Each structure stands twice: as structure tokens, then as C-alpha cells.
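Shown next, in C-alpha cells, is the structure this report addresses.
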Amino acid sequence: MKWFLLSIAIISELSGSTCMKLSNGFKNIPASILTFVFWGISFSIFIFALRHFNLSFIYGIWAGIGIMLVSIIGMTYFKEPVSLLKIISIIIIAVGVMMLNLSENILNQ
């Protein structure tokens with residue numbers, strides 16, 4: 001259940017970030033409203049997930065996966081420039097998230 005909560009928080013954060021881009025500086029009202037709705041859902045569920053995880057672990061996972069996926073969405077859907085440095089940076093973030101997960105598993109043994 002705790003991983004389900006974290007997943008929903010991450011998906012909501014991705015949706016909010018994507019709607020933020022789609023809002024076009026508050027010119028697109030539905031996307032602007034959805035930005036606040038999705039971010040509100042994300043933070044609310046994140047608070048519930050905090051009951052089951054250490055803050056340093058869960059925040060790193062939430063933010064790291066969010067950054068990775070938002071970057072990929074930006075490059076694929078919004079046609080943002082892709083560079084080798086961006087790809088390497090995303091890989092480094094992924095490795096960091098995996099190391100956080102490993103450190104949490106090692107501490108729980």
C-alpha cells in the first residue's frame with residue numbers, strides 16, 4: 001500500500017507539472033486549474049505516504065522520479081531539446097534513486 005501511495009503521488013506530480021506547462025502562463029484556464037488540483041492531490045497523498053517511509057528516502061524518490069519523468073515528457077511531448085548532457089543527467093538521477101532504494105533496503109534488514 002505504501003508504494004501505491006507513493007506512485008499516485010508521483011503520477012499526480014507529473015500530471016500537475018505537465019498541466020503547468022500546458023497552462024501557458026495561466027492563459028489556458030482548464031490546465032491552470034488542473035495544475036493546482038494535481039499538485040494538491042500529490043502533496044496530500046505524499047503526506048499519507050510519509051507515515052510509512054523516512055522523509056529523506058521518500059522525498060528523494062518522489063523528487064528524483066518526478067524530475068526524470070518530467071524531463072522525458074518535456075523532451076518527447078513538448079519537443080524540448082535533447083542533448084547528451086541531459087541524457088547523462090537523467091541516468092545519474094536514476095542511479096541516485098536506485099541507490100536511495102538500496103540504502104533503505106539495507107537499513108531495514
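Read the figures in this text as sums done on the coordinates, not as results from a lab. Here the structure is a predicted model, which is why all the values come from computation and not from measurement. Methodologically, a virtual Cβ is constructed for each residue, glycine included, from the backbone with ideal geometry; neighbour enumeration extends over all protein chains shown.
The residues in region 84-109 that are loosely packed, with under 14 Cβ neighbours inside 10 Å and of a type outside the set (S, T, N, Q) can be counted, and the count is 12. Within region 42-56, the set of residues being out of contact with any Asp or Glu (no Cβ under 9 Å at 6 or more places or on another chain) and either of a type in the set (F, W, Y) or not in a helix (DSSP H, G or I) (or both) comprises F48, L50, R51, H52. Among the residues in region 7-23, are any surrounded by 15 or more Cβ atoms within 10 Å (Cβ to Cβ), among the hydroxyl-bearing types (S, T, Y) and in a loop (DSSP other than H, G, I, E, B)? Looking through region 7-23, at least one residue is surrounded by 15 or more Cβ atoms within 10 Å (Cβ to Cβ), among the hydroxyl-bearing types (S, T, Y) and in a loop (DSSP other than H, G, I, E, B).
So that you can scan it fast, the table gives a plain yes or no per residue for (1) closer than 16 Å to I10 by Cα; (2) exposed (fewer than 11 other Cβ atoms within 10 Å of the Cβ); (3) in contact with a Pro (Cβ under 8 Å, 6 or more places away or on another chain):
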{"position": "F46", "(1), (2), (3)": "yes, no, no"}
{"position": "L55", "(1), (2), (3)": "yes, yes, no"}
{"position": "I61", "(1), (2), (3)": "yes, no, no"}
{"position": "G66", "(1), (2), (3)": "yes, no, no"}
{"position": "V70", "(1), (2), (3)": "yes, no, no"}
{"position": "Y77", "(1), (2), (3)": "no, no, no"}
{"position": "P81", "(1), (2), (3)": "no, yes, no"}
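Taking region 39-70 as the range and being touching a Ser or Thr at 6+ places or on another chain (Cβ under 8 Å) and over 24 Å from I106 (Cα atoms) as the test, the residues that pass are W39, I41, S42, I45, V70. On inspection, T35 fails the criterion of being surrounded by fewer than 18 Cβ atoms within 10 Å (Cβ to Cβ), more than 26 Å from L100 (Cα to Cα) and free of Cβ contacts under 8 Å to residues at least 40 places away in the same chain. Only residues that are part of a helix (DSSP H, G or I), free of Cβ contacts under 8 Å to residues at least 40 places away in the same chain and farther than 21 Å from G16 by Cα were counted across region 57-86, and they come to 3.
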